[in-house]
Amino acid sequence: CPCKYGRCVWKGIRKECVCDPEFGKVSDSECRYCDCGRGFNCTFSGPYDRYRMKSNCICTEGYYNSGYSCRAVCNSTHPCQNGGTCQNERCKCMDGTMGDFCEHIFWCSYECRPRLIVDCVYDQENKNYACLCKNRSLLFDYEEYVCKPCPCGEGTCKYDRYAFRRMSCDCNEGYKEFKKHCKKCDCGPNSSCEIDQKTGKRICKCEDGFLDREGRCIACNCGLDKVNCDLVNNTKHCKCPVGYEDVHGSCEDINECLTNNTCHPTAKCINTVGSYDCKCEKGYRKHEREDACEDINECDEDPDLCQTSNRVKCVNLPGTYKCECLRGFEPVDMNVNPQKTKCEKYEESWLPVGIAVGTAVLLIIISLALLKYMDYRAAR
């Protein structure tokens, strides 16, 4: 019997194909390649059509059917590589990698050559391949495909193949790159150092509170943020903001309440950091339109303020008020708080009047007697 990619065997009175490994039976007389991976068999289903029949991979233990081929199962013994993660026993590969365990890196075999001197690794940061010389002291040149010594000196070299394969230096601490070489760049403590890429000169940038003096950062702190500080003949000068003054090289708060302020005479000055507030005294309040304090008329605001009885009336005073007895009434106690005055009806008494009249008559009689006595003396 015709049996492509297999061998013909008898089964009872019929002949049928037994397919070779990695092939599946399409009909009794034909086998087709499975494409499930090396060593895996399959079956075919669907209508007998070269393009419409579907292969069903038969995977062995340790593999799963991905729908197209048999893929290896990932686990602690067989972990995913090159940054891939194992999810439900299947590797989820990062961009630029493929394979059951993400072991294949795109473009490795083409770019990283010759393989005798170059290793191809996966750069997880850039999600792509990277070529490293087996001698790690050398640097791979992506243009010439050779390993070269690093010209950076105090640092390591690297090629950025994404920036037109430009080589750059990763310099050690205290050095900065200048024309593909690490140049010493140290401004001392409290500073950062950069290199002018045109002139190669050192540029020192001092931290806040320090000034650059001949390549060294000297402390110049006036005690406040964003305050201009300057050194003149090694003497510190501070340009303090409004509300502060320079006191021996430090910006200190001005107590405006002890100097000039615009508080109303009836207001109390309260010093604050960098400024001051005016608080009206008790019995006064802030004027609506003017920067001044006005008296509170307590009697108008509370008509019942003194109405403990119908014998008292409220009298407004600067900053306060008092309760006065109406005409015909007098205070019960003269020593009580004038805001708590109690009154009683005024009763007239004739005793004081009688005493006053009697005193006056007595004085008249005495005066007349003295006059007569003086006339008598004069007649003798």
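With Cβ to Cβ distances under 13 Å as the rule, what net charge do the other residues near residue 100 carry (K, R +1; D, E -1)?
Residues close to residue 100 contribute a combined charge of +2.
If you find the alpha carbon centre of region 31-75 and of region 217-262, how far apart are they in angstrom?
Taking the Cα centre of each part, region 31-75 and region 217-262 sit 82 Å apart.
Return the loop-located trypsin sites (Lys or Arg not before Pro) in region 50-93 (DSSP other than H, G, I, E, B) with at most 15 other Cβ atoms within 10 Å of their own Cβ; answer none if there are none.
50, 52
Under 1.5 on a/c is rounded, so check that first for region 208-305, then, if it is not, pick prolate when a/b is larger than b/c and oblate when it is not; a ≥ b ≥ c are the square roots of the alpha carbon gyration tensor eigenvalues.
The shape class here is prolate.
Taking a threshold of 23 Å on the Cα-Cα distance, which of the pairs 176/205; 54/92; 176/198; 158/183; 313/345; 148/180 fall above it?
Going by Cα-Cα distance, 54/92 fall outside the 23 Å limit.
What does the charge count around residue 340 come to, taking other residues whose C-beta lies under 15 Å from its C-beta (Lys +1, Arg +1, Asp -1, Glu -1)?
So the surrounding residues net to -2.
Separation between the residue 235 and residue 76 pseudo-spin-labels, each 7 Å from Cα along Cα→Cβ, expressed in nm?
A separation of 7.6 nm, rounded to one decimal place.
Under the rule of -39500 (n - 2.57) per DSSP H run of 4 or more residues, summed and divided by the residues of the chain, what mean residue ellipticity at 222 nm is obtained, to the nearest 500 deg cm²/dmol?
It comes out at -3000 deg cm²/dmol, rounded to the nearest 500.
Can you give the translational diffusion coefficient of region 114-158 in µm²/s, computed by Stokes-Einstein from the Kirkwood radius over Cα pairs at 25 °C and 0.890 mPa s?
Roughly 220 µm²/s, to the nearest whole number.
Among 6-12, 168-174, how do they line up from the highest to the lowest mean number of other beta-carbon atoms within 10 Å?
Sorting 6-12, 168-174 by mean packing, highest first, produces 168-174, 6-12.
Between residue 246 and residue 378, what is the spin-label point distance in nm, taking each point 7 Å from the Cα along the Cα→C-beta axis?
Rounded to a tenth, the inter-label distance reads 9.4 nm.
Search the structure for amide H atoms under 5 Å from the amide H of residue 84, placed 1.01 Å from N in the peptide plane, and list their residues when 5 or more places away or on another chain.
Answer set, sorted by chain and number: 94.
Helix 351-379 versus the longest principal axis of the chain: what angle, 0 to 90°, nearest 10, using Cα atoms?
40 degrees
Below 8 Å, C-alpha to C-alpha, sequence gap of six or more: please give me the relative contact order for the chain in percent.
Once divided by the residue count of the chain, the mean separation gives 4 percent.
Please identify the chymotrypsin sites (Phe, Trp or Tyr not before Pro) of region 34-133 that satisfy two criteria: DSSP loop assignment and at most 16 other Cβ atoms within 10 Å. Which are they?
48, 51, 68, 106, 107
Can you pull a Stokes-Einstein diffusion coefficient for the chain at 37 °C (0.692 mPa s), Rh from Kirkwood over Cα pairs, as a whole number of µm²/s?
93 µm²/s
Laboratory data are not the source of any read-out in this text; all were calculated from the coordinates shown. A quick note: this is a predicted structure, and the numbers were derived from the prediction, not measured. When we count neighbours, we look across all protein chains shown, and the Cβ atoms used for this are built from the backbone with ideal geometry, even at glycine.
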